[in-house]
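For reference, the structure discussed in these notes is given below.
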Amino acid sequence: MITVADPVFQNLRFWSDRNLNGEAETIELYRLDELAIKSIDLNFDPSYAETDRWGNEIKMKSVVENLQGEFFLMYDIWFRRVD
């Protein structure tokens, strides 16, 4: 578990690919405090995996807690490469 009490917490960023180009642009990176994120559970579910309709692999399901005590699912998405 990583929380606001961890020194590294302030250096972490949440990426939301708003323009759907698969590139992490500065405007798409948010500090966790900007999103009111309190903690990130690092014990992800290794058995979770699915592929979306574009061929991206959705893996490593875990949970994020916000400052209001609400919990949200978080995923690691492995983008399909098109060369």
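Report whether or not Glu28 is closer than 16 Å to Met1 by Cβ, among the charged types (D, E, K, R) and in contact (Cβ under 8 Å) with a residue 12 or more places away in the chain. Criteria not met by Glu28. Of the set (1) under 13 Å from the mean Cα position of the chain (by Cα); (2) farther than 15 Å from Thr3 by Cβ; (3) at pLDDT 90 or above, all apply to Asp76 but (3). In segment 27-45, the qualifying residues are those that are closer than 14 Å to Val64 by Cα and β-branched (Val, Ile, Thr), and the one that is nearest to the chain's Cα centre (by Cα) is Ile40.
The values are calculated or read from the model by the stated rules, or taken from the named source; none is laboratory data. Every value quoted in this text rests on a predicted model; they were computed, and no experiment measured them. Virtual Cβ from ideal backbone geometry, glycine too; neighbours counted across all protein chains shown.
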